[in-house]
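Peer 1: If you scroll down you'll find the structure; I have some questions about it.
Derivation of every value follows stated rules applied to the coordinates shown; laboratory data play no part. In this text, all values refer to a predicted model and were calculated from it rather than measured experimentally. Cβ placement follows ideal geometry from the backbone for every residue including glycine, while neighbour counts extend to all protein chains displayed.
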Amino acid sequence: MDAYAAARERDLLYVSDSAMLWRDHTFHTALDEDRNLCLLAHSHSWLHPQDDYIALIREFEARAVQRAAAPYDAFVDALAGYYARRADEGN
């Protein structure tokens with residue numbers, strides 16, 4: 001069951017910060033409602049130094065690309081060394 005469904009089922013005030021945008025309430029305004037609360041906060045978004053969700057996603061993307069490229073880079077480096085050794089053996 002997702003958080004929103006659980007909140008509806010239990011008649012909780014649902015407060016979320018999807019993509020750094022609060023829905024109907026912020027955490028502070030929700031406290032004024034005097035209701036039980038279901039707070040869904042994505043702390044990793046708010047810890048980004050630029051407070052920029054798009055920049056955060058682009059950083060995740062860059063890290064994923066770097067991780068994916070690393071084995072290929074290592075292979076190319078090893079292959080270059082292999083060809084150099086083979087060339088030296090031929091002389």
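Peer 1: For segment 1-52, what class follows from the C-alpha gyration tensor (a ≥ b ≥ c being the square roots of its eigenvalues): rounded when a/c is under 1.5, otherwise prolate if a/b is larger than b/c, else oblate?
Peer 2: Details: a/c = 3.03, a/b = 1.66, b/c = 1.83.
Oblate is the answer for segment 1-52, as a/c is 1.5 or above yet b/c matches or exceeds a/b.
Peer 1: Another question about this same structure. Starting from the amide H of His42, placed 1.01 Å from N in the peptide plane, find each other amide H under 5 Å away whose residue is 5 or more places distant or on another chain.
Peer 2: Counting only residues 5 or more places away or on other chains, the set is Asp17.
Peer 1: Remind me, relative contact order of the chain in percent, using alpha carbon pairs under 8 angstrom and six or more residues apart? Don't skip to the end; give the middle numbers.
Peer 2: Values: 57 pairs, mean separation 18.4, N = 91.
Rounded, it is 20 percent for the chain.
Peer 1: State the extension gain, in nm to one decimal, for the chain segment bounded by Gln66 and Leu39, taking 0.36 nm per residue of separation less the distance between their alpha-carbons.
Peer 2: Numbers: separation 27, 0.36 × 27 = 9.72 nm, distance 3.40 nm.
So the chain would gain 6.3 nm between Gln66 and Leu39.
Peer 1: Give the whole-number value, in cubic angstrom per residue, of the convex hull volume spanned by the C-alpha atoms of the chain.
Peer 2: Expressed per residue, the convex hull around the Cα atoms of the chain is 117 Å³.
Peer 1: Under a 5 Å amide H to amide H cut-off, with H placed in plane at 1.01 Å, what residues pair with Tyr14 once short-range neighbours are removed?
Peer 2: When sequence neighbours closer than 5 places are left aside, the close amide H contacts are Cys38.
Peer 1: I need the peptides 74-80, 23-29 ranked by packing, meaning the mean over residues of other C-beta atoms within 10 angstrom, with the highest value on top. Mind dumping the intermediate values first?
Peer 2: Details: 74-80: 10.1, 23-29: 12.0.
Taking the mean over residues of other Cβ atoms within 10 Å, the ranking is 23-29, 74-80.
Peer 1: If you plug each phi of segment 53-60 into the Karplus form 6.51 cos²θ - 1.76 cosθ + 1.60 with θ = phi - 60°, what whole-Hz ³J(HN,Hα) values come out, in order, with x for Gly and Pro?
Peer 2: Taking θ as phi minus 60°, the curve returns 5, 5, 4, 4, 5, 5, 5, 4 Hz for segment 53-60.
Peer 1: Per residue of segment 4-18, in order, report the coupling 6.51 cos²θ - 1.76 cosθ + 1.60 (Karplus, θ = phi - 60°) as ³J(HN,Hα) in whole Hz, putting x for Gly and Pro.
Peer 2: 5, 5, 5, 5, 4, 4, 9, 6, 9, 6, 8, 10, 9, 10, 3
Peer 1: Right, another one. For the chain, what is the charge dipole size about the Cα centre, in debye to the nearest 20, if Lys and Arg each add +1 at the Cβ and Asp and Glu each add -1 at the Cβ? Present the calculation step by step, with values, prior to reporting the outcome.
Peer 2: Numbers: 9 positive and 16 negative charges, 71 e Å.
Rounded to the nearest 20 debye, it is 340 debye.
Peer 1: Sticking with this structure for a sec: Along the Cα→Cβ direction, 7 angstrom out, place labels at Glu59 and Thr29. What is the inter-label distance in nm?
Peer 2: According to this spin-label approximation, the distance is 2.8 nm.
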